[in-house]
Amino acid sequence: MSTRISEGGPTAPAAGTRRGWKSLPLLRQVQQSVGLQRGMLIAGLVLSALFLLVAVLAPLLAPYEYNQLRDPSGAFGAQQAPSSTHLLGTTVGGYDVLSRVIWGSRTALYVIVVAFVLSFFVGVLLGLVSGYFGGWLDRVLVVVCDAIYAFPSLLLAIVVAIAISGGESSLWGGIMAAAIAITVVFIPQYFRVVRAETVRIKSEAFVESAKVIGASHRRIMFRHVLRNATRTLPLILTLNASEAVSTLAALGFLGFGIEPTAAAEWGYDLKRALADVSSGIWWTSVFPGLAIVIVVLGLTLVGEGLNDLADPRLRTRRRAVASSADVAETSVVPGGTLDAGPGGLAGLEGPDDGRRYEQ
Amino acid sequence: MTTTTTELVAGGADPDTWAPRAEKRRVGGGGLGAYLFIRFLLIFPTIFILVTTVFFLMRSTGDPITAALGGRLTGEQLAERVREAGYDRPLLTQYFEYLGNVFTGDFGTAISDRRPVTEILTTFGAATLELVFYALLVAFLVGIPLGRLAAYLRDRWPDAVLRVFAIVCYATPVFFFGMLLKLVFAVNLGWLPVAGRASTGADIQLQQLDGSTGIYLIDAIRLGDGEVIADVLEHAVLPAIALGLLTAGIFLRLVRTNVIGTLGMGYVEAARSRGVPERRLLKKHAYRPALIPIITVIGLQIALMLGGAVLTETTFEWKGLGFQLTEYIEARDFVAVQGIVVLLAIIVAVTNFVVDVIAALIDPRVRY
């Protein structure tokens with residue numbers, strides 16, 4: 001690759017030195033951060049790690065199954081206050097709250113993974129092809145993505161959930177419904193970021209050079225453009241993961257949840273706990289809710305930390321001088337330029353197009 | 001709730017896009033009129049795409065009659081109803097008919113209670129509008145001053161506290177936050193009502209008012225009864241805070257980022273070197289230009305708030321469009337769901353247009 005020539009050099013351009021996501025990206029970011037930003041990033045990483053750990057070890061950690069109603073000594077009983085047998089009490093349906101909170105992390109993780117894989121492949125591919133080839137397909141895709149982007153994402157997710165599951169869900173039915181609903185919301189974001197980057201990169205000298213030596217479109221797209229266009233994706237990934245968890249919970253809360261016998265899902269538990277609140281029963285809602293907050297908070301803190309580090313204006317000042325040129329180009333983030341600009345129309349031409357003309 | 005990315009990222013804008021002195025140098029840029037005209041025309045493909053997407057998604061699982069009444073009717077009765085409603089015709093025929101209907105303002109009729117969707121909108125839309133208005137008020141009052149403060153005290157401890165506050169605001173699902181508020185302020189402390197838009201007595205009085213607007217605060221003021229006004233306001237506090245703080249967190253972040261951006265601009269340095277006091281610098285030089293991008297983000301915020309309103313209304317039994325939407329979801333009445341969703345999509349598209357017009361009027365660099 002042509003960019004490799006400059007790698008590590010003192011005046012290396014962004015593309016060369018910043019391919020951090022391939023070699024333990026987060027460690028690198030932690031090193032780069034200072035003070036509060038480091039604290040927030042580390043707090044986010046700890047919370048996210050905790051979430052992952054609980055999700056993976058759920059069978060070992062949970063005292064009961066997510067759908068268990070009784071043990072050898074009899075039924076658990078409904079709405080039991082926290083006690084030594086049920087540390088966080090039982091739900092209105094007679095399940096153990098702690099167990100469902102722990103098992104719920106697993107469901108959330110499944111949804112994040114499936115949603116990410118789907119939206120990543122579809123969104124990145126569309127953005128790459130659209131940005132690289134341009135033409136009428138590009139225009140149509142941009143208009144479609146803008147239309148979907150401006151739509152209230154929860155409503156879109158509801159419509160997709162109805163389309164996929166007809167409103168009722170088994171474990172995988174529910175997970176796929178939530179994941180695909182979230183995917184449809186995310187695709188425009190991946191599309192926009194990758195497309196904007198592609199449009200910018202395709203006019204770089206190293207792409208021209210590759211063309212001159214006769215590289216095929218496919219090779220240029222995947223080897224030269226894609227690998228440079230995906231630098232900001234870890235950031236979008238963390239933000240989308242947190243969005244996925246809250247969308248899943250919101251869908252569950254609105255009645256597209258996964259049946260309690262099929263899996264534990266926090267949003268569904270909160271829906272069932274809504275009536276408890278009025279009678280002062282707090283443990284059925286507080287714990288699943290806190291679980292959502294912790295996971296979303298952790299992922300958001302990581303995303304926010306990465307976002308700050310990628311934006312030279314936000315990075316804590318002491319380091320700004322050292323590497324601002326290096327990072328300046330990485331602040332391409334989904335919708336950033338579009339939102340800050342006139343909104344709407346700017347997307348038609350691609351944010352980077354505009355900037356280039358003005359300079 | 002589900003828009004963290006957009007919001008987080010909206011702050012990451014390029015300073016050039018709103019630098020006060022940046023000049024328009026786009027070759028062939030049209031005037032304001034041309035821009036507004038093109039922007040207006042763009043509403044139609046947006047709505048068309050959304051109507052089409054929603055229609056085919058909703059119909060991909062089969063016809064709405066079977067979905068709503070499947071278990072309750074025999075196969076023959078069901079087939080009869082399906083034929084009556086015309087759902088046995090080719091999908092494309094139905095699609096074009098639906099497009100035509102939407103174009104003439106007919107969004108379908110609910111299966112469960114046989115109400116036209118437009119009537120649902122006029123009955124319940126006012127309640128949602130009222131809630132969104134209160135929430136926006138909370139968001140502005142909390143988000144913008146705190147964002148300024150955070151920018152001013154950048155990297156010191158109040159900034160840290162405010163930033164964590166902002167993140168917690170949008171990490172907390174609006175319905176969970178609503179439930180917590182209910183637990184603490186309504187159930188345990190008993191300060192505020194648990195749910196609804198007004199107490200039963202007040203509710204009846206307001207419903208019976210001649211020429212009722214559906215916006216309870218206005219109706220209560222017209223009724224002229226101090227107790228009813230207080231009652232309506234008491235009921236609004238918790239839902240407004242629940243939905244408003246979500247957006248406040250986003251505003252806080254956005255204002256902070258933008259003010260920090262403008263504080264670093266050359267003209268602010270120049271003003272500082274002329275001896276302009278720091279306070280005035282923040283107020284006049286940095287703050288005002290920083291508000292322009294916020295106006296454009298509000299359009300997206302309203303879309304977000306409609307999603308949040310659905311959840312808030314369900315949590316507080318606030319009888320608006322969102323509450324009604326969940327009722328229809330429970331009843332598996334997908335004609336009504338589709339109608340409400342399409343209507344909201346049109347409202348969002350038009351709102352975004354209006355916001356873009358306002359942005360263009362304020363900021364002369366927004367032209368094409």
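Every number in this text was worked out from the coordinates using simple rules, so none of it is lab data. This one's a predicted model, so the numbers in the text were calculated from it and none came from an experiment. Cβ: placed from backbone, ideal geometry, glycine included. Neighbour counts: every protein chain shown.
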To the nearest 20 debye, chain B has a Cα-centred charge dipole, built from +1 on Lys and Arg Cβ and -1 on Asp and Glu Cβ, of 2100
Residue by residue through region B:73-79, the couplings from Karplus 6.51 cos²θ - 1.76 cosθ + 1.60 with θ = phi - 60°, in Hz, x for Gly and Pro, are 10, 6, x, 5, 4, 4, 4
Extension length gain for B:L291 and B:I204 (0.36 nm per residue less Cα distance), in nm, is 27.1 nm
Taking a ≥ b ≥ c as the square roots of the eigenvalues of the Cα gyration tensor, with a/c under 1.5 meaning rounded and otherwise prolate when a/b exceeds b/c and oblate if not, chain B is oblate
Taking every other residue with Cβ under 12 Å from the Cβ of A:Y66 and scoring Lys and Arg +1, Asp and Glu -1, one gets -3
Among B:S199, B:S212, B:S273, the residue with the largest mean-square fluctuation in a Gaussian network model of chain B built from Cα contacts under 10 Å is B:S273
Note: B:175-185 gets an average of partner chain Cβ contacts (10 Å, Cβ to Cβ) equal to 6
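B:R115 to B:F103: extension gain in nm, 0.36 nm per residue of separation minus the Cα-Cα distance?
Stretched fully, the B:R115-B:F103 segment lengthens by 2.4 nm.
Sort A:115-127, A:151-163 by packing, meaning the average of other beta carbons within 10 Å per residue, with the highest value first.
A:151-163, A:115-127
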note: region A:184-266, Cα-Cα separations exceeding 21 Å make up a percent value of 50
Rounded to one decimal in nm, the spacing of the 7 Å Cα→Cβ label points at B:R279 and B:T61 is 6.0
Label model pair A:L57, A:S83: point-to-point distance (7 angstrom along the Cα→beta-carbon line) in nm is 2.8
Amide H contacts under 5 Å for B:G108, restricted to residues at least 5 apart in sequence or on another chain and with H modeled in the peptide plane, are B:V117
The size of the Cβ-based charge dipole (Lys, Arg +1; Asp, Glu -1) of region B:124-330 about the Cα centre, to the nearest 20 debye, is 1620
1/(1 + (r/R0)^6) with r = Cβ-Cβ of B:E234 and A:A43, R0 = 51 Å, i.e. FRET efficiency to nearest 0.05, evaluates to 0.85
Rounded to two decimals, the Debye log10 I(q)/I(0) of region B:124-330 (Cα scatterers, no solvent) at q = 0.09, 0.10, 0.17 Å⁻¹ is -0.43, -0.52, -1.08
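Can you figure out the FRET efficiency of B:F48 with B:S212, using R₀ = 30 Å and their beta-carbon distance, to the nearest 0.05? Before the final figure, lay out each step's value.
Numbers: r = 35 Å, r/R0 = 1.17.
Taking R0 as 30 Å, the efficiency between B:F48 and B:S212 is 0.30.
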Expected integer from the mean partner chain Cβ neighbour count at 10 Å over B:220-228 is 0
With N residues in region A:197-245, Rg(alpha-carbon) / (2.2 N^0.38 Å) equals 1.46
Burial-style ranking of B:337-343, B:82-88, average other-beta-carbon count within 10 Å with highest first, yields B:337-343, B:82-88
Counting other chain Cβ atoms within 10 Å of each Cβ in A:141-151 and taking the mean gives 5
With the dipole of chain B defined by +1 on each Lys or Arg Cβ and -1 on each Asp or Glu Cβ, the option from B:V337, B:L92, B:A150 whose Cα lies farthest towards the positive pole is B:A150
For region A:85-236, one quarter of the surface area of the C-alpha convex hull, expressed in nm², comes to 11.7
For B:40-49, B:232-241, ranked highest to lowest by mean beta-carbon neighbours within 10 Å, the order is B:232-241, B:40-49
Residue by residue through region B:48-64, the couplings from Karplus 6.51 cos²θ - 1.76 cosθ + 1.60 with θ = phi - 60°, in Hz, x for Gly and Pro, are 4, 4, 5, 4, 4, 4, 5, 4, 5, 5, 5, 8, 5, 9, x, 8, x
Note on chain B: contact order normalised by length, alpha-carbon pairs under 8 Å, 6 or more apart, percent, works out to 31
